[in-house]
Amino acid sequence: MKATAVVGLTRKDFQTDQEVRWCPGCGDYAILASVQKVMPELGIPRENIVFISGIGCSSRFPYYMNTYGFHTIHGRAPAIATGLKNTRPDLQVWVVIGDGDALAIGGNHFIHALRRNVELKILLFNNRIYGLTKGQYSPTSEFGKKAKSTPYGSIDEPIDPIRIALATNASFVARSIDVEAKHLQDMLRRMAEHRGAAVLEILQNCNVFNDGAWDHLTNKETKAENQLVLEHDKPLLFANGKKGIRLRGLQPEVVEVGEGGADVSEILVWDEKAPPALAFALANMGPGFPTPIGVFRQVERPVYHELEEEQARQVTERLGPGDLAKLLAGRDTWTVE
Amino acid sequence: MESQPVPQPERRIERLDAVTIRFAGDSGDGMQLTGSEFSKASAIAGNDIRTFPDFPAEIRAPAGTIAGVSGFQVQFASHPIYTPGDRPDVLVAMNPAALKANLADLKPGGLIIANTGGFSDANLKKAGYDSNPLEDGSLSGYRVIPVDITRLTENALHGSGLSAREIARSKNMFALGLMLWLYQRPLEKAVADLRSKFVGRPEIAEANEKVLRAGHAYGETAELLPNVYEVPPAKLAPGTYRNISGNQALALGIVAAAQLSGLKAFLGSYPITPASDILHELSRYKNFGVTTFQAEDEIAAISAAIGAAFGGNLGITTSSGPGIALKQEAINLAVMAELPLVVIDVQRGGPSTGLPTKTEQADLLQVLFGRNGESPVPVLAAQTPGDCFRTVLEAVRIAIRYMTPVIVLSDGYIANGQEPWRIPEPSELERIQVSFRTDPEGFQPYARDPETLARAWVRPGTPGLEHRIGGLEKHHLTGAVSYDPKNHELMVRTRAEKIERVAREYPPLEVSGSPSGKLLVVGWGSTYGAITAAVRELRRRGHDVSHLHLRYLNPLPHDLGEILSRFERVVVPELNLGQLRTILRSRYLVDAKGINKVQGRPFQVAELVERLEEHLA
């Protein structure tokens with residue numbers, strides 16, 4: 001909060017004069033509000049922040065952020081952002097993409113930005129549906145999903161962005177939920193601090209084409225049973241502390257905690273820095289398990305633009321600054337009088 | 001053939017004006033190196049030269065087969081030349097397949113230097129020969145010099161301790177030494193190059209040098225030929241020269257553009273033949289402020305370049321036809337966002353994977369019209385290897401001045417072919433003006449310069465100018481998303497007019513030959529050399545023929561229509577089925593005829609002369 005005073009920005013400074021045009025009730029409003037809330041706290045001048053999006057409902061996001069912004073083409077936002085960050089490391093670059101954007105048409109760019117550890121803050125809005133094209137199933141839609149293009153149910157196995165991200169050796173992988181404002185804002189702050197690629201899957205409700213996709217996680221009656229909040233160095237408890245996750249080998253299991261059940265000491269203590277197998281095991285938990293939110297993994301590894309800068313520095317040190325006349329002449333010349 | 005040392009015979013030196021040699025062997029035989037070293041020696045000796053490497057797409061096709069033959073043709077002359085020559089005077093054939101694949105091109109009575117050591121029964125069979133052509137009289141129409149290069153190389157390296165494989169790989173140096181002797185070229189340059197090429201492996205450098213000298217000495221001592229040849233220096237314009245290929249010239253042009261504009265250059269690229277060499281070359285120049293990014297695919301390559309351009313850098317992407325097809329949507333993003341970007345298309349035989357290592361000019365319509373919507377983009381075509389340098393500088397200038405993607409067309413022929421290039425002094429090169437808007441007062445993202453209609457380039461990080469751009473149609477001033485029908489039409493027409501205005505800056509077109517008359521030959525791109533040579537030949541024969549070579553393919557020069565109207569006939573030779581011709585016909589209602597070839601090879605001068613004569617009848 002110290003930096004806030006320096007820059008002196010407020011939430012209002014990040015709002016634009018554009019009328020926000022998502023459907024009333026869309027989860028994107030809540031995400032926008034959280035992002036606008038967190039931005040002034042980061043202590044970064046507005047002009048040094050860029051939002052880059054692809055195509056889809058979520059990709060309208062930059063129009064509503066009073067920063068630099070670029071609404072690009074379907075799936076390519078991570079690639080465009082890579083070119084920007086790599087040449088302009090002074091900018092903080094946020095990427096806003098949807099589940100179709102990031103995992104179908106842009107799957108390639110998503111994995112390569114993460115494995116290179118390009119310092120992008122990637123917000124992946126996952127509503128498990130194609131909204132802007134009016135209701136086809138998406139790569140994250142559940143098996144059997146009945147949608148416009150799958151009247152008899154989808155026969156595609158869904159893809160999980162968290163597991164994809166972990167497989168790329170991404171250095172920051174987290175999940176949050178559109179309406180969990182406090183949690184979401186914590187995650188945004190963590191991303192902003194992270195050096196390297198950071199991906200945050202935001203479970204988001206499309207109230208028009210896939211209403212209630214995450215209801216079990218947001219509904220007051222059921223969320224305690226279904227949300228597992230990952231906190232570094234803390235035991236994995238949920239259901240108001242009555243249940244927990246215990247490891248049997250690498251296999252997580254749900255156990256009752258307390259009287260007649262397991263002791264808290266048996267519950268897995270979460271470690272963001274652990275080898276990715278552990279995070280993968282949690283991400284892999286299916287029916288009968290709660291859904292983890294929070295930071296799956298946060299590690300330090302070399303950042304792409306720093307590697308690039310360092311290599312250029314070393315080459316320049318070795319060869320000296322480029323001499324154009326020498327370069328044009330090459331090695332073999334002859335003179336005609 | 002291995003003879004005792006004999007006293008050096010007196011040989012007559014025969015003077016020639018121009019010679020064309022083709023070196024041919026297995027794709028692993030090192031013919032490209034042999035050819036380029038020979039060309040270098042000729043250029044340094046003052047000849048004008050043009051080269052044409054021709055190799056299979058397979059890296060190591062099965063040894064001894066026709067499919068695996070790799071060739072390198074060079075013409076060198078005592079006068080200005082424009083092509084690597086039509087039919088070779090001399091064929092160096094390292095094996096039967098190389099002979100079979102190239103014999104039909106050799107001039108009648110031409111010289112064949114054949115490595116008899118490569119003509120084993122197995123190799124003869126692989127090339128489809130029933131009997132040995134060196135012995136069965138089938139080459140009686142040529143002068144054949146049989147030399148057992150394989151064995152002579154082994155002898156030269158006897159006791160060197162090198163493996164049989166390493167020794168076999170040195171035999172190209174024997175051929176080089178022999179040819180350098182035959183044309184009276186010094187060995188020093190090749191020796192120096194071998195030493196620097198094998199700097200970490202002195203034993204290999206030494207072996208190659210030994211074989212090179214053995215080849216040279218062999219020519220000197222064995223009585224193969226009654227004479228040697230001399231091609232005197234050509235009268236080129238004064239200056240300091242080097243050899244350059246089109247891909248090298250593009251790479252150097254990009255470095256120069258970065259320096260002249262004061263911008264950081266960012267190349268996003270994905271490996272593709274025949275464009276990859278630009279990426280290889282630029283990746284070495286980190287000390288020039290050039291960043292190269294080998295992306296995960298063609299789309300990411302251009303997307304990253306667009307991201308760099310959005311950040312206020314010089315964004316460039318390089319590819320060939322199939323990659324350009326993948327990039328088209330992203331090119332359109334740069335059209336809509338109005339960001340400067342240079343897209344280089346080194347064309348190859350298509351469609352689809354087509355003929356990756358062969359040349360063609362069939363991407364013109366793709367780059368002009370291959371995108372959705374009304375999507376005008378300036379298109380420039382380079383004419384010769386050295387001209388690629390100037391062309392890319394001009395593309396950068398236009399891209400920045402007009403805030404638009406610009407497409408540069410090269411092709412496999414000039415990408416790999418070399419010519420002598422007069423090295424420019426950096427001080428002769430015009431600076432490239434760049435101005436970033438920094439004043440927030442009255443800023444509107446799509447407000448335009450009244451002269452160029454370009455919008456302002458704003459670097460993110462500039463306070464007070466925060467704004468959003470993107471692929472959705474934008475309000476003509478504020479840049480807010482707009483579905484207003486009238487605004488869309490205004491923007492479509494404005495983008496078109498902006499690009500049309502680029503033509504205002506072109507120099508007047510130059511017609512070579514009479515300014516009006518019977519026949520105008522209109523070409524573009526790499527056919528420059530062949531058309532120039534053909535038109536000169538026709539004029540020598542007394543025909544009234546003029547030549548116009550187009551560098552700017554979009555927008556077309558404003559004086560083009562008037563020039564076309566001054567000629568009775570217009571003929572457009574192209575290495576496609578008539579793409580420029582289609583445009584000229586539709587744009588100017590001119591009854592242009594075509595001379596079209598799609599064989600993956602450049603035009604030969606003689607074939608153009610013959611086919612143009614049909615239009616003069």
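Only the coordinates and a few stated rules stand behind these numbers; no lab work does. These numbers were taken from a predicted model, which means no experiment stands behind them. All Cβ positions, glycine included, derive from the backbone under ideal geometry; neighbour counts span all protein chains shown.
In units of the compact-protein estimate 2.2 N^0.38 Å, region B:500-617 shows a Cα radius of gyration of 1.00. Listed by chain and number, the lysines whose C-alpha is less than 16 Å from the C-alpha of A:LYS134, apart from same-chain residues fewer than 8 away, are A:LYS145, A:LYS146, A:LYS148. Each Lys and Arg adds +1 at its Cβ and each Asp and Glu adds -1 at its Cβ; summed about the Cα centre, region B:12-230 shows a dipole of about 300 debye. Cβ crowding within 10 Å, taken as a proxy for footprinting-reagent exposure, orders A:VAL269, A:VAL303 from fewest neighbours to most as A:VAL269, A:VAL303. Between B:GLY517 and B:PHE567, B:GLU568, the built amide H atoms are under 5 Å apart, and every one of these is 5 or more places off in sequence or on another chain. Share of pairwise Cα-Cα distances greater than 18 Å in region B:280-331 is 31 percent (whole percent).
Take the alpha carbon gyration tensor of chain A, find the square roots of its eigenvalues, order them as a ≥ b ≥ c, and report rounded if a/c is under 1.5; if not, report prolate when a/b exceeds b/c, else oblate. Prolate, because a/c is 1.5 or more and a/b exceeds b/c.
Taking Cα atoms only, the orientation of helix B:321-337 departs from the longest principal axis of chain B by about 20 degrees.
Relative contact order of region B:12-230, taken over Cα pairs closer than 8 Å and 6 or more residues apart, is 21 percent. Phi-derived couplings, Karplus 6.51 cos²θ - 1.76 cosθ + 1.60 at θ = phi - 60°, listed residue by residue for region B:237-246: 4, x, x, 9, 10, 9, 7, 8, 9, x Hz, with x used for Gly and Pro.
In region B:59-184, the C-alpha radius of gyration followed by the widest Cα-Cα span (Dmax) gives 15.3, 46 angstrom. Across peptide B:470-478, the average count of Cβ atoms from other chains found within 10 Å of a residue's Cβ is 3.
Net charge of the neighbourhood of B:SER131, taken over other residues with C-beta under 12 Å away and scored Lys/Arg +1, Asp/Glu -1, is -3.
Taken over the protein assembly as shown, the convex hull of the Cα atoms encloses 216 Å³ per residue.
Each part reduced to its alpha carbon centroid, region B:93-129 and region A:166-202 end up 66 Å apart. Nearest 10 degrees is fine. How inclined is helix B:485-500 to the longest principal axis of chain B, computing both from alpha carbons? Long axis of B:485-500 versus the principal axis of chain B: about 40 degrees.
Considering helices alone, the calculated mean residue ellipticity of chain A at 222 nm is -8000 deg cm²/dmol, with DSSP H runs of length four and up weighted by -39500 (n - 2.57) and normalised per residue.
Legend: residue pairs A:LYS85/B:LYS264; B:LYS286/B:LYS498; B:LYS327/B:LYS593; B:LYS107/B:LYS197; B:LYS40/B:LYS126, Cα-Cα distance threshold 25 Å; pairs beyond threshold, B:LYS286/B:LYS498; B:LYS327/B:LYS593; B:LYS107/B:LYS197; B:LYS40/B:LYS126. Candidate cross-link partners of A:LYS242 among the lysines, defined by an alpha-carbon separation under 24 Å and a same-chain spacing of 8 or more, comprise A:LYS182, A:LYS220, A:LYS223, A:LYS234.
Taking a Cβ cut-off of under 9 Å around B:SER245, the surrounding Lys, Arg, Asp and Glu residues balance to a net charge of -2, with basic ones at +1 and acidic ones at -1. Computed from backbone phi with θ = phi - 60° and the Karplus coefficients 6.51, -1.76 and 1.60, the 3J(HN,Hα) list for region B:525-542 is x, 6, 7, 3, x, 5, 5, 4, 5, 5, 5, 4, 5, 5, 5, 4, 7, x Hz; x is used for glycine and proline. Dipole magnitude for chain B: about 600 debye, using +1 per Lys or Arg Cβ and -1 per Asp or Glu Cβ, origin at the Cα centre. A DSSP coil position with no more than 10 other Cβ atoms inside 10 Å describes the following GluC sites (Glu not before Pro) in region B:439-499: B:GLU441, B:GLU451. Only helical runs count toward this figure. For chain B, summing -39,500 (n - 2.57) over DSSP H runs of n ≥ 4 and dividing by all residues gives -10500 deg cm²/dmol at 222 nm. Computed from Cα atoms, the angle from the helix B:298-310 axis to the main principal axis of chain B rounds to 50 degrees.
Near the amide H of B:TRP421, within less than 5 Å, lie the amide hydrogens of B:ARG242, B:ASN243, B:ILE244, all on another chain or at least 5 residues away, with H placed in the peptide plane. Taking a sphere under 14 Å around the Cβ of B:GLN433 and counting the other residues whose Cβ falls inside, with K and R at +1 and D and E at -1, yields a net charge of -1. Judged by the mean number of other Cβ atoms found within 10 Å, the most tightly packed of the peptides A:143-155, B:321-333 leads the ranking B:321-333, A:143-155.
Footprinting exposure proxy ranking of B:PHE443, A:PHE209, B:PHE72, fewest other C-beta atoms within 10 angstrom first, gives B:PHE443, A:PHE209, B:PHE72.
Determine the shape class of region A:59-132: with a ≥ b ≥ c the square roots of the Cα gyration tensor eigenvalues, call it rounded for a/c under 1.5, and otherwise prolate if a/b is greater than b/c, oblate otherwise. It is oblate, given that a/c is not under 1.5 and a/b is not larger than b/c.
Scoring A:238-246, A:197-205 by mean Cβ neighbours within 10 Å over their residues and listing the highest first yields A:197-205, A:238-246.
The phi-based Karplus calculation (6.51 cos²θ - 1.76 cosθ + 1.60; θ = phi - 60°) puts the 3J(HN,Hα) values of region A:86-101 at 5, 9, 10, x, 6, 8, 8, 10, 9, 10, 10, 9, x, 5, x, 4 Hz, whole numbers, x for Gly and Pro.
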